[in-house]
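The values are calculated or read from the model by the stated rules, or taken from the named source; none is laboratory data. It should be emphasised that the depicted structure is a prediction, and the values quoted were computed from it without experimental measurement. For neighbour counting, all protein chains shown are included, and Cβ atoms are generated from backbone atoms with ideal geometry for every residue, glycine included. Ligands, DNA and RNA are stripped out before the accessible areas are found, and what is left, the full protein with its side chains, is counted by its heavy atoms. Shrake-Rupley method; radii C 1.70, N 1.55, O 1.52, S 1.80 Å.
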Amino acid sequence: MEATAPCAQPAKAIKPIDHKSVHQICSGQVVLNLGTAVKELVENSVDAGATNIDLKLKEYGADLIEVSDNGCGVEEENFEGLTLKYYTSKIQDFSDLMHVGTFGFRGEALSSLCALSDVTIFTCHKSAKVGTRLVFDHNGKITQKTPYPRQQGTTVSVQQLFYTLPVRHKEFQRNIKKEYAKMVQILQAYCIISTGVRINCTNQVGQGKKHSVVCTTGSCSLKENIGAIFGQKQVILTVGKGEKAAARIC
Ligand code: ADP
Ligand code: MG
């Protein structure tokens, strides 16, 4: 028996997808993998002026990605906007793009992470007396807001990334080691270019010991950052090669 060609079936009505589903689908296009999630959170910390960024992963990031910084923190009047789509403190209109000096400006990362996982944010703005713990639903709405003592800065906790997209979640868990390896490369790149920012990342598997993933010292020199990531031997090789190449050009 011949299979019926799709076009032979009666045409289905073209209808809009409901807003919640659109948000969920589009969020998966913003945060594509573990590397993007970590990159977006680190960029936010750097944009907030942090000089110290701590990343805590559980199960290679599949269970938990937690990024803590000592940046400016979030003011209470901005709590609602933090995780709403296209809400940003970095630009107001298209013309601002000419002068943008931050990594982020689209206001999509936190809203997408909320749609894809369980997000909790702990923050204390420099003007606040006490910090706040904020729990968000998948639409980026605050569901819990409680006082939480902490130093100035922000911690974003992302639990069970992609669990709201079951097929992606399964693939993510199946390929977690590959995802992790790619994420480490991205993180290393940010460690090298982020001069004056100390970045420390650990991973814990099961109840095991925390294992160091990357660690920099907050040096103002790219060379020292390369040394912290790849070892001093690599710096000598890289700089040596660079000098030889420069000599050839001259
Ligand atoms: P974008 O970075 O493009 O503005 P995000 O969704 O990543 O969008 O963040 C939304 C807003 O939340 C930022 O504009 C910033 O004001 C605030 N924010 C996010 N992360 C931090 C952080 N670690 N410290 C202080 N403010 C933050
Ligand atoms: Mg951002």
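Against the criterion of being more than 12 Å from ligand 1 (Cβ to nearest atom) and open to solvent by less than 50 Å² (accessible area, probe 1.4 Å), Leu57 qualifies. Count, please, the residues in segment 22-43 that happen to be open to solvent by 40 Å² or more (accessible area, probe 1.4 Å) and either of a type outside the set (A, V, I, L, M) or part of a loop (DSSP other than H, G, I, E, B) (or both). Counting residues in segment 22-43 that are open to solvent by 40 Å² or more (accessible area, probe 1.4 Å) and either of a type outside the set (A, V, I, L, M) or part of a loop (DSSP other than H, G, I, E, B) (or both) gives 6. Residues in segment 81-120 that are of a type in the set (S, T, N, Q) and without any contact (Cβ under 8 Å) to a residue 40 or more places away in the chain were compared, and the one that is farthest from ligand 2 (Cβ to nearest atom) is Ser95. Residues that are more than 11 Å from ligand 1 (Cβ to nearest atom), more than 22 Å from Val135 (Cβ to Cβ) and not charged (D, E, K, R) within segment 74-124 comprise Gln92, Phe94, Ser95, Leu97, Met98, His99, Gly101, listed in sequence order.
Would you call Lys182 more than 16 Å from the chain's Cα centre (by Cα) and either surrounded by fewer than 20 Cβ atoms within 10 Å (Cβ to Cβ) or closer than 23 Å to Ala228 by Cβ (or both)? Spelling it out, it is not the case that Lys182 is more than 16 Å from the chain's Cα centre (by Cα) and either surrounded by fewer than 20 Cβ atoms within 10 Å (Cβ to Cβ) or closer than 23 Å to Ala228 by Cβ (or both). When every residue of segment 89-96 is checked against the conditions, none turns out to be open to solvent by less than 40 Å² (accessible area, probe 1.4 Å), in contact with a strand residue (DSSP E or B) (Cβ under 8 Å, 6 or more places away or on another chain) and in a loop (DSSP other than H, G, I, E, B).
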